[in-house]
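Participant: Have a look at the structure that comes next, please.
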Amino acid sequence: MSDQRTEQPTPRRREKAREQGQVARSRELSSALAILAAILVLGWRASTDLAGWRSGFRASLDLCSGELQLFGFLQWISIWTLSWIAPALLTAWSVAMAASFAQGGITWAPAALAFRPDRFNPGERLKQLVSITALSSMLRTLLPATVVLYLTCGVVAREWNTLALSAFRGSRELMSWAFSLFFEITWKSGLVMLIWSLADYLFVRFRVEGDLKMTKEELRREHKENEGDPLVKNRIRRLQRQARRRQMLKDVTKAAVVVTNPTHYAIALAYTPTLPAPVLVAKGRDRLALEIKNIARWHDVPMVENPPLAHALYRAVSVGDSVPSRLYVAVAEVLAFVYRVQAAGRKGARS
């Protein structure tokens, strides 16, 4: 049961898959879109430039005086052919690149290009040829080819009477009919390939997502690699808490007063005239409160019992933060009381 891939892939898993070139991408989809775009461009150019092509061809023949200048004629044919083919090829290339980028973005996978001896093993290649994957790939090729052949036969059967009487038609009418027939077959075939390639892309995406799924053990292992050993992290957190606690107890010696409730809570406040407001330097309850009070007694830090203020400070203020304005009055009364007691003590000691 632990080997079942039931967990969704993590971002790190997807990143490693991209480094290996494992991306949901269908070459058939890019090819089908490129072919269909090229067909549409050629059809559009034929409907708009046919008259210009015919007049240019007639002008080139008129320039031939006496003997037919074969080189000039071939040069003109090459230029016009290139002017027709170049836009279609450029459009097909642009559409193929855009489709490939839309499927998986730009993928740099040097690991996929690394040398692997098993790629040159004839036995491995033979296994691939007779595998289920090879059979499914062959079926994915034969099925759309069968549909395209069926469509072609249907179009030819529909135009069979016209084809049988083509010998009695003029060349211009015959060429126009042949071109329209060819264009119909090509764009329908391209549409079939596009629909089939979309289904192929969904199949590839589903297969890649299935391969990327993880077992619970792999998920735990990756979490351990990314976040570290939980035992080590717990020990580090425990040491950090102990260090903060030692520092907090050390700061009690600098406090101006320790407010208690008097049994369960102890809050140490520090204040100097340079501070805008008193600062809470230590707080604790139960055993930690007892430690704070013992340190305060040892270092002659005044302690004042004020349960409501102790509860409010413990809940509202974190260690190292200033006392909020709503508690200014209560804290000021405590500090004033402490300062009066200290002043009276110093006066009594002088007298």
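Participant: For the range 250-350, with the dipole built from +1 on Lys and Arg beta-carbon atoms and -1 on Asp and Glu ones, taken about the Cα centre, which of LEU269, PRO302, VAL331 lies farthest toward the positive end?
Facilitator: Result: PRO302, furthest along the dipole toward the positive end.
Participant: How would you rank TYR265, TYR328, going from fewest to most other Cβ atoms within 10 Å of each one's own Cβ? Before the final figure, lay out each step's value.
Facilitator: Working: TYR265 23, TYR328 13.
With the fewest neighbours first, TYR265, TYR328 line up as TYR328, TYR265.
Participant: Something else about it: Extension gain ALA277-LEU90, at 0.36 nm per residue separation less the Cα-Cα distance, in nm?
Facilitator: 60.1 nm
Participant: Based solely on C-alpha atoms, express the radius of gyration and the Dmax of the range 281-324 in angstrom.
Facilitator: Final numbers for Rg and Dmax: 10.8, 29 Å.
Participant: Scale the Cα Rg of the range 250-350 by the rule-of-thumb value 2.2 N^0.38 Å and send over the ratio, two decimals. Please list the in-between numbers first.
Facilitator: Numbers: Rg = 12.8 Å, N = 101, 2.2 N^0.38 = 12.7 Å.
Relative to the rule-of-thumb radius for its length, the range 250-350 sits at 1.01.
Participant: Hey, which of these cross-link pairs are over 20 Å Cα-Cα: LYS254/LYS293; LYS250/LYS347; LYS233/LYS293; LYS250/LYS293; LYS250/LYS283? All intermediate terms of the calculation are to be shown ahead of the outcome.
Facilitator: Values: LYS254/LYS293 13 Å; LYS250/LYS347 30 Å; LYS233/LYS293 32 Å; LYS250/LYS293 12 Å; LYS250/LYS283 12 Å.
As for pairs spanning more than 20 Å Cα to Cα, those are LYS250/LYS347; LYS233/LYS293.
Participant: Under a 5 Å amide H to amide H cut-off, with H placed in plane at 1.01 Å, what residues pair with MET303 once short-range neighbours are removed?
Facilitator: So MET303 has HN proximity to VAL258.
Participant: Provide the per-residue ³J(HN,Hα) series for the range 183-192, in order, calculated from phi with Karplus coefficients 6.51, -1.76, 1.60 and θ = phi - 60°, each as a whole number of Hz, with x at glycine and proline positions.
Facilitator: 5, 5, 5, 5, 6, 5, 5, x, 5, 4
Each value in this text was obtained by applying a stated rule to the coordinates, not by laboratory testing. Values in this document were obtained by computation on a predicted structure and should not be read as measured data. Neighbour counts are summed over all protein chains in view; Cβ atoms, including those assigned to glycine, are modelled from backbone coordinates with ideal geometry.
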